[in-house]
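Report on one structure; see the data block that follows.
The values are calculated or read from the model by the stated rules, or taken from the named source; none is laboratory data. Since the model is a prediction, treat every value here as computed from it, not as a measurement. Methodologically, a virtual Cβ is constructed for each residue, glycine included, from the backbone with ideal geometry; neighbour enumeration extends over all protein chains shown.
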Amino acid sequence: MVTFVDQVELHLQAGRGGNGCVSVRREKFKPLAGPDGGAGGNGGTIVLVADPQVTTLLEYHRRPHRSAENGAYGAGDYRAGAHGADLELRVPVGTVVKTKDGEVLVDLTEPGTRFVVAEGGLGGLGNHALASQKRKAPGFALLGTEGWAGDVTLELKTIADVAFVGLPSAGKSSLIAAMSAARPKIADYPFTTLHPNLGVVESGGTRFTVADVPGLIEGASEGKGLGLDFLRHVERCSALLHVLDCATLEPGRDPLSDLEIIKTELAAYEVPEGQIPLLERPQLVALNKIDVPEARELAEFVRPDLEAMGYRVFEISTASREGLRELGFALAEVVEAARAKELAETERLERIVLTPKAVDRSAGFRVVTEGGSYGTLYRILGQKPERWVQQTDFQNDEAVGYLADRLQKLGIEDALVKAGAVAGSAVVIGPGSGVVFDWEPALTSAAEVQVGVRGSDERLDGPARRTNKERRADYHDLMDAKAAARDQLERERKSGMWEADEA
């Protein structure tokens, strides 16, 4: 069984951000000299890099699970955690990155192109960064957020100027080895080539690339053999060279019938929208293996028929290198014409003016009302509130209060009131199960903010110093209370509820 590796599914996990640190600097005569907890490091990001030295996706077929490093935790004395190292995954030039649903994310057609496929999580802030006039020594820190995790599909489509196509064992690998410095695997059995080989050819001052597309068979466009996997590599080529075997000994085969089989498969293959169909591109024919006397006779016999079909025909031998020079000049001519046409089309295109994206002045969230058997649920969706929830330690009341203050400043409570939420309504932040809580608004019916700040640090609230008037009022209240107590005891004694001890 042959395993083809030009399309793989990657399972990615970006690094998680490190948690911030809760620390208070202690000095002599100052038990609480101030917070000094450092921030956590950011998680590592996964980046795809188009590398011309990489030719297949075999490495990712063997190891489809890839993870980046997590960020380190923050520490006291203002020490920030180290960032997680980014993970660079080098892929062949021409790799198309798709989502699990088939949406194209990026087409890496240029060497050195970089694409961030999985963003690392953010590091949490330490309590030093959270200190303020109202919260001088926070007893909490922000947690690091999770990095992106999910699946993407890598699909390789070879980028070359000319594609060599033909049935198995037609001599395509030998031809690319004879015309360039490429050294593909060559053997006397079909399907020797399991992935396209690229070669660079220089002829007549023109430098171009050729691709040895692995052998096709009848029914390849319907998925038989490895045809569908191989045909995608022809999409980007500007010209095709049909390599026909004139020395085959298989019964029922000849150059004309082989050409018809290949043309049928090329015609049945649907190219992406906007591209030229395969059979409408420039095509040449190479009658190979004419170093064999019988093959030379057959090539001379079928050549007039091929030329009558409109093809430029070249009789070649990769063993003796006969005819390769003329073929190289012809291919260079076709490539130059294709490049000139592409350049002319590019110049006719309208100029695209890139303008900066408008600043989003909206709140950055939305409230969705959902109904259910247990009543109405108000779901809050937005990048900021969802991130803030991930950063909150719900075991710390002060951290929960800080989250409530942030949500209020963002305008979420106003939005909930407009959506019809009341005290005790079920509110969830984020998609799916999210974080569910019973909403306790900080707004009165008049939509005025209540006095007080949630999440304030009560540890540093010093005793308030009373004025003389307050002390005098407290003293009078104390004396009045003592007099009232004596009067109550006297009334109880006179009523006979208790008697004084005669002793």
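Report yes if LEU256 is in contact with a Phe, Trp or Tyr (Cβ under 7 Å, 6 or more places away or on another chain), part of a helix (DSSP H, G or I) and not polar (S, T, N, Q), otherwise no.
no
Scan the range 119-152 for residues that are outside any strand (DSSP E or B), under 17 Å from ARG66 (Cα atoms) and not hydrophobic (A, V, I, L, M, F, W, C) and jot them down. Don't jump to the end; show me each part of the working.
If we filter the range 119-152 for residues that are outside any strand (DSSP E or B), which is where we start, we get 119-148.
From what is left, the residues that are under 17 Å from ARG66 (Cα atoms) are 119-121, 146-148.
GLU119, GLY120, GLY121, GLU146, GLY147 - these are the residues of the range 119-152 that are outside any strand (DSSP E or B), under 17 Å from ARG66 (Cα atoms) and not hydrophobic (A, V, I, L, M, F, W, C).
One line per residue, one yes/no per condition, for (1) of a type in the set (A, V, I, L, M); (2) touching a residue at least 40 places away in the same chain (Cβ under 8 Å):
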{"position": "CYS237", "(1), (2)": "no, yes"}
{"position": "ASP245", "(1), (2)": "no, yes"}
{"position": "LEU249", "(1), (2)": "yes, no"}
{"position": "VAL271", "(1), (2)": "yes, no"}
{"position": "PRO277", "(1), (2)": "no, no"}
{"position": "ALA286", "(1), (2)": "yes, yes"}
{"position": "GLU297", "(1), (2)": "no, no"}
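Give the residue, chosen from LYS357, LYS384, that is at pLDDT below 85, under 31 Å from the mean Cα position of the chain (by Cα), on the phi < 0 side of the Ramachandran plot and not hydrophobic (A, V, I, L, M, F, W, C). Talk me through it step by step, then tell me what you get.
Details: LYS384 fails: at pLDDT below 85.
Among LYS357, LYS384, only LYS357 is at pLDDT below 85, under 31 Å from the mean Cα position of the chain (by Cα), on the phi < 0 side of the Ramachandran plot and not hydrophobic (A, V, I, L, M, F, W, C).
ALA170 - would you say it is in contact (Cβ under 8 Å) with a residue 24 or more places away in the chain, farther than 21 Å from PRO52 by Cβ and assigned by TED's automatic domain parsing to the domain that holds VAL334? Give the derivation first.
Working: in contact (Cβ under 8 Å) with a residue 24 or more places away in the chain: yes; farther than 21 Å from PRO52 by Cβ: yes; assigned by TED's automatic domain parsing to the domain that holds VAL334: yes.
Considered against the rule, which asks whether it is in contact (Cβ under 8 Å) with a residue 24 or more places away in the chain, farther than 21 Å from PRO52 by Cβ and assigned by TED's automatic domain parsing to the domain that holds VAL334, ALA170 comes out as yes.
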